[in-house]
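One structure is given here, and the rest of the page talks about it.
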Amino acid sequence: MHAPDDTTAPSRSVTVMRRLITPWEYRHRRAVAGVRFAAGGFNLGIGLVLVSLGRQAGTDRERRKMQRLAAWFLVDAALQFLGGYMDIAVDRSAPPRT
């Protein structure tokens, strides 16, 4: 068995994610993840309301317009949730700060 060594390098994925995330975001990962989850929930709510309005639209033109607008918000919601999940995953895999 090898003794634990304090000079072990962090995993490659953590190093890559540090380069992709701005320094302020990296220091406040949990807060940023919470903001992303909140923004994703907000966008999801708006997208679902727009889908509902599209179903009630009178003409096909109005229906397509509402569906395109809803798709914009729903895709953004999915990206926000993905970003929040990635922030949480990096936070869990990072070595503890000393």
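The values are calculated or read from the model by the stated rules, or taken from the named source; none is laboratory data. In this text, all values refer to a predicted model and were calculated from it rather than measured experimentally. Every residue, glycine as well, gets a Cβ built from its backbone with ideal geometry; the counts of neighbours run over all protein chains shown.
So here's what we get for this one:
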| read-out | value |
| --- | --- |
| Count - residues of segment 51-95 that are surrounded by fewer than 17 Cβ atoms within 10 Å (Cβ to Cβ) and over 24 Å from the mean Cα position of the chain (by Cα) | 13 |
| Residue in segment 16-34 that is of a type in the set (A, V, I, L, M, F, W, C), modelled with pLDDT of 90 or more, in a helix (DSSP H, G or I) and out of contact with any helix residue (DSSP H, G or I) (no Cβ under 7 Å at 6 or more places or on another chain) present | no |
| Residue match in segment 48-64 (condition: at pLDDT 90 or above and under 30 Å from residue 22 (Cβ atoms)) | no |
